[in-house]
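A.B. asks: Got a structure here, written out as structure tokens. Questions coming.
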Amino acid sequence: MSRATRPPEGPERPRVGGTRLGGARSVGRRVAVGAAVLVGLLVLGQALLVAEVDPRKLVEGLGGVFRLVADGWPPDPAALPTAGLAVLQTVDIALVATVAATLLAIPFGAAAARPRSGGRYLATPVRAVAAFLRAIPDLVWALVFVAAVGLGPFAGVLALTVHSVGMLVRLFAEAIDEMDVGPADALLTAGASRVQVFSHAVLPELLPTIGSLALYRFEQNVRSSLVLGFVGAGGIGFQLLSAMEEFQYRQASMLLLVLFALVTAFELGSARVRRALR
């Protein structure tokens, strides 16, 4: 039939239902977004009030900061001879704590994992204990162990070990959860015990991940051991605190430069090693 002889079509019916439904959804989304923004602003506002954020105090205190920086310039090289031993102690605290925590976290991480490397009834309690260990900051653990064993680097080693175990158990368990369970299933089908499954199927595949995570934790422990010195747990942090309390700001600034060099060197070195382990 030609275009000229085609009968006229009737009026098109408006799709009222679909249009109204789409418009209602669009309005609902806008209302939800507006409500979320309003709630976020209210939460942020109360946070600023509770935290007593006052920019005027910051502006008024900038003069004191500039005076402190001026008193610490130029850095005093006289702090370097004693800083060497303190830096070595800081690194050794982190090293011993990381090695001890890694050795402890490997079996507990396997027990906390949900696959067949560990018992199903062990996962929940082990994860709960690990969560408790990492929920308490290492600085609080340092205060606990300073009260238990006295001032010195051993308290720092214990504090970092306990906190690192809590962190590494979670990371190791998650790594085991995400790995391929095919080899473990094959060994279980062949009659292997859970210890044999872990030692022959799980651990060999997990070793590069363990090395990378342990190295990253070592880097974190080096930073943490700097702070633990403020509560008497040894290291260069204790020497920095002593310089600040004695108003030796030039020596303190030199120690800060040493800390900066130490942390930077560890970040660059650990990044290269982690790339090599991948």
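A.B. asks: When only residues in region 45-66 that are among the charged types (D, E, K, R) and part of a loop (DSSP other than H, G, I, E, B) count, which is farthest from residue 253 (Cα to Cα)?
C.D. replies: In this case the residue turns out to be 52.
A.B. asks: Let me ask you something else. How about region 235-247: which of its residues are assigned to a helix (DSSP H, G or I) and within 15 Å of residue 221 (Cα to Cα)?
C.D. replies: 236, 237 - these are the residues of region 235-247 that are assigned to a helix (DSSP H, G or I) and within 15 Å of residue 221 (Cα to Cα).
A.B. asks: Here's something else I'd like to know. Tally up the residues in region 154-187 that are open to solvent by 50 Å² or more (accessible area, probe 1.4 Å), over 17 Å from residue 219 (Cβ atoms) and at pLDDT 80 or above, please.
C.D. replies: Number satisfying all stated conditions: 3.
A.B. asks: Among 255, 268, 206, 241, which is the only one that is more than 26 Å from residue 170 (Cβ to Cβ) and open to solvent by less than 30 Å² (accessible area, probe 1.4 Å)?
C.D. replies: On inspection, the qualifying residue turns out to be 255.
A.B. asks: Do we find that residue 250 is open to solvent by 70 Å² or more (accessible area, probe 1.4 Å), of a type outside the set (A, V, I, L, M, F, W, C), assigned to a helix (DSSP H, G or I) and under 26 Å from residue 64 (Cβ atoms) in this structure?
C.D. replies: yes
A.B. asks: Hey, could you check region 67-85 for residues that are part of a helix (DSSP H, G or I) and open to solvent by less than 10 Å² (accessible area, probe 1.4 Å) and say which is modelled with the lowest pLDDT?
C.D. replies: 79
A.B. asks: Let me ask another. Given the condition part of a loop (DSSP other than H, G, I, E, B) and surrounded by 14 or more Cβ atoms within 10 Å (Cβ to Cβ), answer yes or no: does some residue in region 213-231 qualify?
C.D. replies: no
The values are calculated or read from the model by the stated rules, or taken from the named source; none is laboratory data. Computed from a predicted structure; not experimentally measured. Here Cβ is always computed from backbone atoms with ideal geometry, including for glycine, and neighbour counts include all displayed protein chains. In case anyone asks, the SASA skips ligands and DNA or RNA and just uses the protein heavy atoms, side chains included. Shrake-Rupley method; radii C 1.70, N 1.55, O 1.52, S 1.80 Å.
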